[in-house]
Amino acid sequence: MPRYEHRVTPDEQGLRLDVLLARLPRVSSRAAAVRFIESGAVRLNGTLITAKRRVVMLDDLLDFEIAEKIEPYRLQPGQDNGAGLGADIPLDIRFEDEHLIVLSKQAGLVVHPARGHESDTLVNALIAHCGTESLALIQGEDRPGIVHRLDKDTSGLMLVAKTEEAGVSLSNGIRTRSIDRRYLTLVHGYIAPNTGLVDAPIARGDTERKRMFVSDRQAARGAITTFRVLERFEAAAHDEGYSYLECKLYTGRTHQIRVHMDYIGHSIVGDALYGSHKTRAQLGLNRQFLHSWHLDFVHPITGEPLGFSSTLPEDLSCALSSLGERSLGKVDTS
């Protein structure tokens, strides 16, 4: 692939890397620039950069390789029978004011447009709910309102920004770990310690682009997950038992909990990408057992402390209940 170079000019110094890239002729938008940076194709002064917020300085040398012009995913008309970009998809909203929304996303819903999901996403539902003009664009014009993401088959609590000020503050809160995000998951195997920490950088695979891997290469980004065991279940004839965990994110990498659990030898039940889907039918599941159950943060504008919890949805609750007779007892977390 051809390589291109760009020297930072006086009027460009101080810009974020994604903003600068979006200004270049071969990159069509900020959203495309972000995906380009995250793919590991950009170097700054000879160093691979995967952080979109990196600020460039005068005379910095940006070099990158690209086969063809990157086009962003375009928001497509939704299914609200009234034209526009909205879609008639139900939203489980737990809190809303003029600055932000807290909602619980249902499993099976893609967060933002992607190939094969151009008009049936959470973004389209948000547009139908409050309009594009009432959603922040901090993640790009094809991701209005989005501050952080959940995988398609992961359910639970999410933050949505309605104003740029709230969006920047919430995004910084995730980056500085001041927003407490906790997940419930059921994993394969017996985890002996009651608590644990996984500190292992994550990078995208070279050949399997949908998979992320723990890696020590330069492009890998730091990732930290802690967990505590809530309950253990004994082994049976066709499995090695299970452990029910609460995981806390200290970073927000793609597939982080799924990758880290697989890395320590305890893949998430029902996760066909990183583990095995064989237990899905046994436990009545058609997705990975992963649910964003708790959010704790300070309102970015009012300063009010806010906390939200979301109980397990029915499919995960039933799967857990089906293991009841095999329980080795709940762990005292007091």
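One residue stands out in region 241-276 among those that are surrounded by fewer than 22 Cβ atoms within 10 Å (Cβ to Cβ) and basic (Lys, Arg): the one that is farthest from ASP153 (Cα to Cα), namely LYS248.
Yes/no matrix, rows are residues, columns are (1) at pLDDT 90 or above; (2) closer than 21 Å to ASP18 by Cβ; (3) within 18 Å of the chain's Cα centre (by Cα):
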residue: GLY86; (1), (2), (3): no, no, no
residue: LEU122; (1), (2), (3): yes, no, yes
residue: HIS148; (1), (2), (3): yes, yes, yes
residue: VAL160; (1), (2), (3): yes, yes, yes
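Taking (1) in contact (Cβ under 8 Å) with a residue 40 or more places away in the chain; (2) not assigned by TED's automatic domain parsing to the domain that holds ASP296; (3) not β-branched (Val, Ile, Thr) in turn, TYR242 satisfies each apart from (2).
Return a yes/no flag: does region 294-307 have any residue that is in a strand (DSSP E or B), closer than 30 Å to GLU208 by Cβ and in contact (Cβ under 8 Å) with a residue 40 or more places away in the chain. Looking for residues that are in a strand (DSSP E or B), closer than 30 Å to GLU208 by Cβ and in contact (Cβ under 8 Å) with a residue 40 or more places away in the chain, one finds none in region 294-307, hence no. Please specify each residue of region 1-24 satisfying the condition of being loosely packed, with under 14 Cβ neighbours inside 10 Å and free of Cβ contacts under 8 Å to residues at least 24 places away in the same chain. Passing the criteria: ASP11, ARG23. Suppose the filter is surrounded by fewer than 18 Cβ atoms within 10 Å (Cβ to Cβ), more than 25 Å from the chain's Cα centre (by Cα) and within 30 Å of ALA161 (Cβ to Cβ); does THR302 pass it? Answer is yes for this residue.
For region 308-334, which positions are assigned to a loop (DSSP other than H, G, I, E, B), loosely packed, with under 14 Cβ neighbours inside 10 Å and not hydroxyl-bearing (Ser, Thr, Tyr)? ASP332 - this is the single residue of region 308-334 that is assigned to a loop (DSSP other than H, G, I, E, B), loosely packed, with under 14 Cβ neighbours inside 10 Å and not hydroxyl-bearing (Ser, Thr, Tyr).
Here the strands (runs of 3 or more DSSP E) wholly within region 178-235 that include at least 1 residues being in contact (Cβ under 8 Å) with a residue 40 or more places away in the chain, within 19 Å of TRP293 (Cα to Cα) and of a type in the set (Asp, Glu) are 180-188, 224-233. Taken as a whole, the condition of being at pLDDT 90 or above and part of a loop (DSSP other than H, G, I, E, B) applies to MET57. Scan region 120-141 residue by residue and report those that are among the small types (Gly, Ala, Ser) and either crowded, with 17+ Cβ neighbours inside 10 Å or in a helix (DSSP H, G or I) (or both). Those that are among the small types (Gly, Ala, Ser) and either crowded, with 17+ Cβ neighbours inside 10 Å or in a helix (DSSP H, G or I) (or both): ALA125, ALA128, SER134, ALA136, GLY140. Scanning region 225-239 for residues that are closer than 13 Å to TYR190 by Cα and either surrounded by 14 or more Cβ atoms within 10 Å (Cβ to Cβ) or of a type in the set (Phe, Trp, Tyr) (or both) yields a total of 8.
The values are calculated or read from the model by the stated rules, or taken from the named source; none is laboratory data. Small disclaimer: the values here were computed from a predicted structure and weren't measured. In this analysis, Cβ positions are derived from the backbone assuming ideal geometry, glycine residues included, and neighbour counts consider all displayed protein chains.
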